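Visitor: Supplied in structure tokens, the structure appears directly below.
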Amino acid sequence: GWTLLVQGLDLHLQAAHELLQRFRFVPDARLDDLMLSYASDGGGVGPHLDSYDVFLIQVHGRRRWRIGRARDRSFVDGLPLKILRQFEPEHDWVLEPGDMLYLPPQWAHDGVAVGECMTASVGFRAPGPAEVARELLSRLAEAIEPAAQERLYGDAGQPATAAPGAIPQALQAFAADTLQQALRDPQALACALGEWLTEPKLHVWFDAPQRPAALADGLVLDRRTRMMYDARHVFINGESFRAGGRDARLLHQLSDRRCLQAAEVAQLSAEARATLDDWARAGWVQELPA
């Protein structure tokens, strides 16, 4: 009656990566990973809910799913997982290999293995306001120009005070102006968002190839690479690049299709091909398989 959960399987197994690619009708900015749950007979984690959409794909064996709206969201104390204290299922299905169940956010579900089974779970990113603000503001702070960083708060002319515990209005204005300055450049905010969305997870690393890749014959993104774009920039693995014209169109194709053919690589500018060579040396892109 036990369960083993393997997260980020798409980063390590090509078949799992290809399965996750079938869900790219959703923007990459929302896709998270493919998790696999292996369970012995009767195994399951208990009734719980997720804050994001979930697709559950039965890979091997059978699993019984009971689902319902979570009217009571109190959890059992003392457990490492947020297991619902009260669970009233509204639907009950047994999934066979090849079956798939979609769950909207905040729908309670309880899956129990009927014999040995494996279930793949497609997870999505659903960041909250606090996470978005924390990540973007930290990146905007790093992007402040050195000259602006040298502008230190000073209180010349501050008279002696009988209320030293009061925060000076000038310091409050300085803090507000600092935040406004960081948010004033829309391109800085766009870069911060794209770099955050493509930042590899902490346990992801890339191996430099033993020999240079022959990108002129076509290239493919490494399955661990996250690549996105907006109207002005291309983002890859936490870095941003300005791109325009034909280079932008081709790099957008690389992001959407995750590969470029030899004829498409040949259309790139020398500067863009040099950038691709840098990505290849970092292990972010590889030769297109024959």
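Visitor: Of the peptides 168-177, 39-48, how do they stack up when ordered by the mean number of other Cβ atoms within 10 Å, highest first?
Guide: 39-48, 168-177
Visitor: Among 210, 108, 172, whose Cα sits farthest toward the positive end of the charge dipole of the chain (+1 at Cβ of Lys/Arg, -1 at Cβ of Asp/Glu, about the Cα centre)?
Guide: Farthest towards the positive pole: 108.
Visitor: Pick out which of 107, 93, 65 has the largest mean-square fluctuation in a Gaussian network model of the chain, springs linking Cα atoms closer than 10 Å.
Guide: Of 107, 93, 65, the most mobile in the Gaussian network model is 93.
Visitor: Just how far, in whole angstrom, is the range 3-28 from the range 42-110 if you go by their alpha carbon centroids?
Guide: Using only Cα atoms to place each centre, the spacing works out to 20 Å.
Visitor: Tell me, what is the per residue accessible area of the range 206-260 in Å², probe radius 1.4 Å?
Guide: Spelled out: the 1.4 Å probe surface of the range 206-260, per residue, equals 51 Å².
Visitor: As a test of the formula, what do you get for the chain when each DSSP H run with n ≥ 4 contributes -39,500 (n - 2.57) and the sum is divided by the residue count, at 222 nm and rounded to the nearest 500 deg cm²/dmol?
Guide: Taken over the chain, the calculation gives -9000 deg cm²/dmol.
Visitor: Could you list the chymotrypsin sites (Phe, Trp or Tyr not before Pro) in the range 191-252 that lie in coil according to DSSP, counting only those with at most 13 other Cβ atoms within 10 Å of their Cβ?
Guide: Counting only loop positions with at most 13 other Cβ atoms within 10 Å, the chymotrypsin sites (Phe, Trp or Tyr not before Pro) in the range 191-252 are 205.
Visitor: So, one more: For residue 28, what charge total do you get from the other residues with a beta carbon under 11 Å from its beta carbon, if Lys and Arg give +1 and Asp and Glu give -1?
Guide: Spelling it out: positives minus negatives among the neighbours equals +3.
Visitor: Moving to a separate point now. Take the chain, connect every pair of alpha-carbon atoms lying under 10 Å apart with a spring to form a Gaussian network, then pick out the residue of 272, 166, 126 with the largest mean-square fluctuation.
Guide: Highest fluctuation of the listed residues: 166.
Visitor: Taking the highest mean first, how do the peptides 67-75, 273-281 order by number of other beta carbon atoms within 10 angstrom per residue?
Guide: 273-281, 67-75
Visitor: Okay, moving on. Please identify the GluC sites (Glu not before Pro) of the range 121-189 that satisfy two criteria: DSSP loop assignment and at most 14 other Cβ atoms within 10 Å. Which are they?
Guide: 150
Visitor: Here's another thing I want to ask about it. Only loop residues by DSSP count here, and only those with at most 16 other Cβ atoms within 10 Å; note down the trypsin sites (Lys or Arg not before Pro) in the range 135-213 that meet that.
Guide: Qualifying residues, ordered by number: 151, 201.
Visitor: What figure in square angstrom, to the nearest 10, would you give for the accessible area of residue 91 with a 1.4 Å probe?
Guide: Surface accessible to solvent at residue 91 totals approximately 80 Å².
Visitor: Given a 1.4 Å probe and every protein chain left where it sits, what share in percent of the accessible area of the chain is carbon and sulfur?
Guide: For the chain, the apolar C and S fraction of the accessible surface comes to 56 percent.
The values are calculated or read from the model by the stated rules, or taken from the named source; none is laboratory data. Remember, it's a predicted structure, so these values are computed and weren't measured experimentally. Cβ: placed from backbone, ideal geometry, glycine included. Neighbour counts: every protein chain shown. Each accessible area value is taken on the protein alone, full model and side chains, heavy atoms only, with ligands, DNA and RNA left out. Shrake-Rupley method; radii C 1.70, N 1.55, O 1.52, S 1.80 Å.
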